[in-house]
Each structure stands twice: as structure tokens, then as C-alpha cells.
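**Student:** Input: one structure, supplied below.
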């Protein structure tokens, strides 16, 4: 099979190679998926670049990317053979594993290949594992959100855009922050604040008649901590999946404590099985209803992986960068 690989950390153009590798075989409890599309997330490019604290190469050779979609072509012992031919999307393809979805085939545990409705393209399915599931978990890990007011920071981002849609689908009022009119339109949210030209806390207070918000889906905890603390209502939840501006922020502990706030620092790779099954079921329901809109950024084929990685690093794209396989 053809596979994108790297043997050392470094710039994409220096370390990514398209090579031939043996086709994988399904072990006990595993399936082999013929990958049709591979999604590239910020975590993938950071890992390839060695940006993680204390990063070391854990494997002699790595096939990158955790997200993808394709068709099951073989199954191992203990897996129902009727799954052969099933369209699926993939999660945690390269989480704590050497070989991810950046190849023509991948072998992985059967539960990590989730049924993909016919109405959803493979490129769209390659957006689910990290962006869509992070959005769902950020919103629903504490239960239903009907009637709640939710602030989604960075609503034009890959996670934020899904969160805006999913919050509205759950019966919540959605307010998001963006940096331009174009990004406001991309977010799909009816109510938004331009954080470059408006004071977020003051504007959201005005929009909510001074009551603030019940929950916050947070793209940068450190950068937005002051505004979040001001806006969150007592007993509310701040679910943060990143703090890129400051990885070790100083926490206003007593400020949050006296509001009885639930701070949820989450990473989608670590979802427990029950939460993941609930998220998968909800995502499937929305897909079958045709109510989710996906922002796919086509970036070519496997041979274009270095360019695709640079697109993610540049941070200017609006959507999930996807390679066809």
C-alpha cells in the first residue's frame, strides 16, 4: 500500500515521505479499512513537528492522522464478517499507535470504525473523529442543553463551527465570537461578537440583558479566562479543549470557586466508552436527518500531504483539511 510516513520530527516538507508499505492484516477484534479520505487536524501537525512538551519519537516509523473514512475490506477473529463492505468513519487512528489514516489501508479495533450513512461523503466522515466529537462532548458531557444560553468562542474554527450547529440542534441559544463578518457567516450562528472590534464581555452582557451565559465552549482558555469568568453564570460549565496562547495559564481559582463553576479540560482522545457511544449515536441521528453542515477543505491526494500540513499550520483555512486516498 501507499502511505505517508515520517521517521523524525521536523517540517512537513523535510520529513513526510510517500512510500510503499505492506498491507495491514486484521488481528483479533480488528478490521481493515480501505481509507478513502484522511482528515488532518492541528494535533496531527503538532505531533509531526515535535511540538508536544517532551516529545520523542515513540515508533521507528509513523503513518500520521487520527481521522479518516473508508470501507471495511476484511475482519479479524471475533468480528462479524457481515461488516465487510461497510462504510465507516474512524476515530483515534493514530492515538497511541504507530499507523494512522494517512495510507491506503489501516487495521484498527473494530469499535474505532463507526458506520457512516450513505448520505454522508467520505471526506465529510473524515471530519468526525476529532472536530465533531470534541464539539459534541464540549456541549453534552453535562447533560441536555435545551433552554441554555451557550457561548462558543472561535465559532469559525473546525470545532467551534460544529459546536454552533450542535448547540442550536440541542435547543440552546447560541452566541459565538469571531474575528470578521466572513467568519461570522461561516460559523452559521445567528448571534455573534467580533472580538477584534467589540468588548466580548460587555457585548454578551448586553445581548443577554446582563445575565451572562450558562455554558462556554472554549477554544483558548488562557486568552479568554477573564471574559469567561465575567460571563459564566453561577453553577455554569466552561468546557475547554485548548489553551494555545498559554499552555500553563495562571488560574483565578477563587473567582471560579465563588461562582461554583465546573471547569472541564477535555481531550476527545480520552472519551470513555459510554460517552463515545452516546456521541456516535447522536452524530448518526443528525447525519441521517441531514441537519449537520460540514466544512471540508480539499487538499489533494496522499502525495500532497506536506502542502496539506502547511495549510493546517498556517491557520488560514476555514474547515478541516482532507486528502482523498
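**Student:** Residue 273 to residue 56: FRET efficiency via 1/(1 + (r/R0)^6), r the Cβ-Cβ distance, R0 22 Å, to the nearest 0.05?
**Tutor:** Efficiency for this residue pair is about 0.15.
**Student:** What spacing in nm lies between the two simple spin-label points modelled at residue 314 and residue 211, each 7 Å away from Cα in the Cβ direction?
**Tutor:** It works out to 4.4 nm between the two label points.
**Student:** Taking springs between alpha-carbon atoms closer than 10 angstrom, which of 146, 62, 114 fluctuates most in the Gaussian network model of the chain?
**Tutor:** Sorting by GNM fluctuation, first place goes to 146.
**Student:** For the range 225-325, what is the relative contact order in percent, using Cα pairs closer than 8 Å and at least 6 residues apart in sequence?
**Tutor:** Contact order relative to length: 21 percent.
**Student:** Between residue 293 and residue 111, with labels modelled 7 Å along Cα→Cβ, what's the label distance in nm to one decimal, could you check?
**Tutor:** 3.5 nm
**Student:** The range 210-285 to the range 145-205: how many Å between their Cα centroids?
**Tutor:** 15 Å
**Student:** Determine the relative contact order of the chain: mean sequence separation of Cα pairs under 8 Å and six or more apart, normalised by residue count, in whole percent.
**Tutor:** On the way: 732 pairs, mean separation 58.6, N = 325.
Here the relative contact order equals 18 percent.
**Student:** Ratio of Rg to Rh for the chain, alpha carbon only, Kirkwood?
**Tutor:** On the way: Rg = 20.0 Å, Rh = 20.3 Å.
Rounded to two decimals, Rg over Rh is 0.98.
**Student:** Taking the Cα atoms only, what angle lies between the long axis of helix 273-289 and the longest principal axis of the chain, rounded to 10 degrees?
**Tutor:** 90 degrees
**Student:** If you take every DSSP beta bridge fully contained in the chain, what fraction is antiparallel? Give it as a percent rounded to 5.
**Tutor:** Looking only at bridges with both residues in the chain, the antiparallel portion is about 55 percent.
**Student:** Given 0.36 nm per residue, what is the gain on full extension from residue 20 to residue 324 after removing their alpha carbon distance, in nm?
**Tutor:** Net length gain for the segment: 107.7 nm.
**Student:** How many angstrom separate the Cα center of the range 287-325 from the Cα center of the range 43-100?
**Tutor:** One Cα centre to the other: 17 Å.
**Student:** Treat each spin label as a single point 7 Å out from the Cα along the C-beta direction, and report the residue 8 to residue 179 distance in nm.
**Tutor:** A separation of 3.3 nm, rounded to one decimal place.
**Student:** Then there is this: Over the range 1-148, what is the relative contact order in whole percent, taking alpha-carbon pairs under 8 Å and six or more residues apart?
**Tutor:** Dividing the mean separation by the residue count of the range 1-148 yields 28 percent.
**Student:** Right, here's the next one. Anyone know which of 201, 273, 37 comes out most mobile in the 10 Å Cα GNM of the chain?
**Tutor:** For the chain, modelled as a Gaussian network with Cα springs under 10 Å, the answer is 273.
**Student:** How much length is gained on full extension from residue 197 to residue 258, taking 0.36 nm per residue of separation minus their Cα-Cα distance?
**Tutor:** Numbers: separation 61, 0.36 × 61 = 21.96 nm, distance 3.05 nm.
Extending this stretch completely gives an extra 18.9 nm.
**Student:** Shifting gears a bit: Taking 45 Å as R0, compute the FRET efficiency from the Cβ-Cβ separation of residue 230 and residue 78 and round it to 0.05.
**Tutor:** About 0.30, to the nearest 0.05.
**Student:** In terms of the Cα gyration tensor, with a ≥ b ≥ c the square roots of its eigenvalues, is the range 47-141 rounded because a/c is under 1.5, prolate because a/b exceeds b/c, or oblate?
**Tutor:** Note, shape of the range 47-141 comes out oblate.
**Student:** Take the Cα atoms of the range 131-269, find their three principal axes, and give me the spread along each one in whole Å, biggest first.
**Tutor:** Computed over the range 131-269, the largest-to-smallest principal extents equal 37, 34, 30 Å.
A short reminder: the numbers here are calculations on the coordinates, not readings from a lab. Bear in mind the structure is a predicted one, so any value in this text is a computation, not a measurement. Note that each Cβ is placed from the backbone with ideal geometry, even for glycine, and that neighbours are counted across all protein chains shown.
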